[in-house]
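Below is one structure, written out as structure tokens; the observations come after it.
The values are calculated or read from the model by the stated rules, or taken from the named source; none is laboratory data. Given the structure is predicted, the values throughout are model-derived calculations rather than measurements. Quick reminder, even Gly has a Cβ in these numbers, built from the backbone with ideal geometry, and neighbours come from all protein chains shown. SASA here: full protein model, heavy atoms, side chains in, ligands and nucleic acids out. Shrake-Rupley method; radii C 1.70, N 1.55, O 1.52, S 1.80 Å.
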Amino acid sequence: MAIDFSLSPELEEIRARTRTFVEEVVKPTEQKIHDERLQETDRKAYIGALIEMRKQAKEAGIWLPQMPKEWGGMGLGHVQLAMVQAEAAKSTYGPWVFNCQAPDEGNMHTLLHWGTDEQKEQYLRPLCEGTTWSCFAMTEPEVAGSDPTLIQTRGYQDGEEWVINGHKWFISNAHRANFAILIARTEDDPDLPQAANTAFLVDLPAEGWTEVRQIETMHGSTGHSEIRIEDLRVHESKMLGGRGQGHLLGQYRLGPARLAHCMRWIAQAEMALDMMVDRSLNRYAHGSLLAEKQGIQWMIADSTMELYQAKLMVLHAAYKIDSGEDFKSEVSMAKHFVANMLNRVIDRSIQVHGALGYSTDTPLAHMYQHARWARFADGADEVHQMRIAQRTIAAYKDTGSTRAATGDLPI
Ligand SMILES: Cc1cc2nc3c(=O)[nH]c(=O)nc-3n(C[C@H](O)[C@H](O)[C@H](O)COP(=O)(O)OP(=O)(O)OC[C@H]3O[C@@H](n4cnc5c(N)ncnc54)[C@H](O)[C@@H]3O)c2cc1C
């Protein structure tokens, strides 16, 4: 077997092009938006700046890296995508500018795999062109989102239509979405508890779909909505996948989507570590630079080692997806590890910056607020740990060794 971490000249060129674009177009525009407070003071100029970045990204050929070429994408595999996502997420708007942001990106994969030809043309095509938005509506306030078999939103059939009632919350992008992928319980007595739910495509706005509020979170009110669903009518042709396949579809969606989060989190952690080292080389206290103090070096060393582990885990999980192998375990371990690594590295970077790190003069405070949700969304830490342990125990029972559960690597 060949283990080769070098990039092909073609991919190296894509990575360099993405990095240059982020440095020369995205970051200066973000700075302008921040300095001139465009988002709050001049909505038209703000939207104009965003659209201009997208236009330039398309011209530069950095558009839709996660999708096949026939859908207007760059046709990259997951290992290759990791390079682009990790460059894009060095900025706040990068993933959106390249049209590879959550939740649209996960919804695109889902539609590509599960949609009928008609559904793909109607929903996937405009999403890929960047002219529509989407959301994925699964979590409910009344029951634990960690266990989708508990979903209470219900659908019953009425002729050619499904009538759906329920309550969802934390639905990212719902505020501006043109359509939703909605998960509802349709089966009363399924063979398996996991076969009770079905996914539906819902055109928005829709009668029976009401946005109650955008939920105020620790990083602001940024488009995670609470939704009331009352007698929402959806034609049967809008079912995505088959009856009872909603859970399967959700799991399918979450695999690559979780890994894409990890790729972006690596970028954020690398930024935090760069800033930590930079600050330690410029701050002087008690007779030496911070960089010369052992306590600071430990923080730098721990962060460096953890980031290295995170990169290897993500690359290996991506490799498994690309090879068509079972990737559940590797993605689960990567998601847990990278989310926690991200929180630790940003926390250390804030520590090294002192009061400056706590202020909003650097991006660290903002990054820290965003990073916190990574430990429970798209699978809480403890749920991943439960599944990882189950697989390790099963591997031992089956083969007398835990090797298959630790990445099934050749060492
Ligand atoms: C910013 C943000 C964006 C989001 N976007 C979306 C979206 O677009 N669409 C959507 O549908 N949802 C979205 N969510 C919701 C997210 O997916 C859920 O928060 C997540 O699935 C966890 O569900 P929950 O919040 O109900 O927590 P619960 O399931 O109630 O879990 C709470 C805690 O209980 C513990 N726990 C749960 N199960 C176990 C177990 N088996 N063993 C041990 N401990 C356990 C864990 O510590 C967990 O953190 C978003 C959330 C946030 C914060």
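Descriptive notes on the structure:
- Verdict on residue 349 being under 19 Å from the mean Cα position of the chain (by Cα), small (Gly, Ala, Ser) and within 20 Å of residue 307 (Cα to Cα): no
- Selection status of residue 319, more than 16 Å from the ligand (Cβ to nearest atom), within 21 Å of residue 291 (Cα to Cα), aromatic (Phe, Trp, Tyr) and surrounded by fewer than 18 Cβ atoms within 10 Å (Cβ to Cβ): no
- Within segment 307-316, tally of residues that are open to solvent by 20 Å² or more (accessible area, probe 1.4 Å), touching a residue at least 24 places away in the same chain (Cβ under 8 Å) and either closer than 19 Å to residue 77 by Cα or of a type in the set (Val, Ile, Thr) (or both): 4
- Residues being of a type in the set (A, V, I, L, M), open to solvent by 20 Å² or more (accessible area, probe 1.4 Å), outside any loop (DSSP other than H, G, I, E, B) and within 14 Å of the ligand (Cβ to nearest atom) - total across segment 197-223: 0
- The helices (runs of 4 or more DSSP H) found wholly in segment 322-407 include none carrying at least 3 residues that are in contact with a strand residue (DSSP E or B) (Cβ under 6 Å, 6 or more places away or on another chain) and open to solvent by less than 70 Å² (accessible area, probe 1.4 Å).
- Conditions (1) closer than 26 Å to residue 22 by Cβ; (2) among the hydrophobic types (A, V, I, L, M, F, W, C); (3) away from the ligand (no atom under 16 Å from the Cβ): number failed by residue 114: (1)
- Taking the listed residues 194, 251, the one that is in a helix (DSSP H, G or I), open to solvent by 40 Å² or more (accessible area, probe 1.4 Å) and under 30 Å from residue 306 (Cα atoms) is 251, with no other qualifying.
- Within the set 230, 270, 226, 236, the sole residue that is acidic (Asp, Glu), open to solvent by 20 Å² or more (accessible area, probe 1.4 Å) and either touching a helix residue (DSSP H, G or I) at 6+ places or on another chain (Cβ under 9 Å) or on the phi > 0 side of the Ramachandran plot (or both) turns out to be 270.
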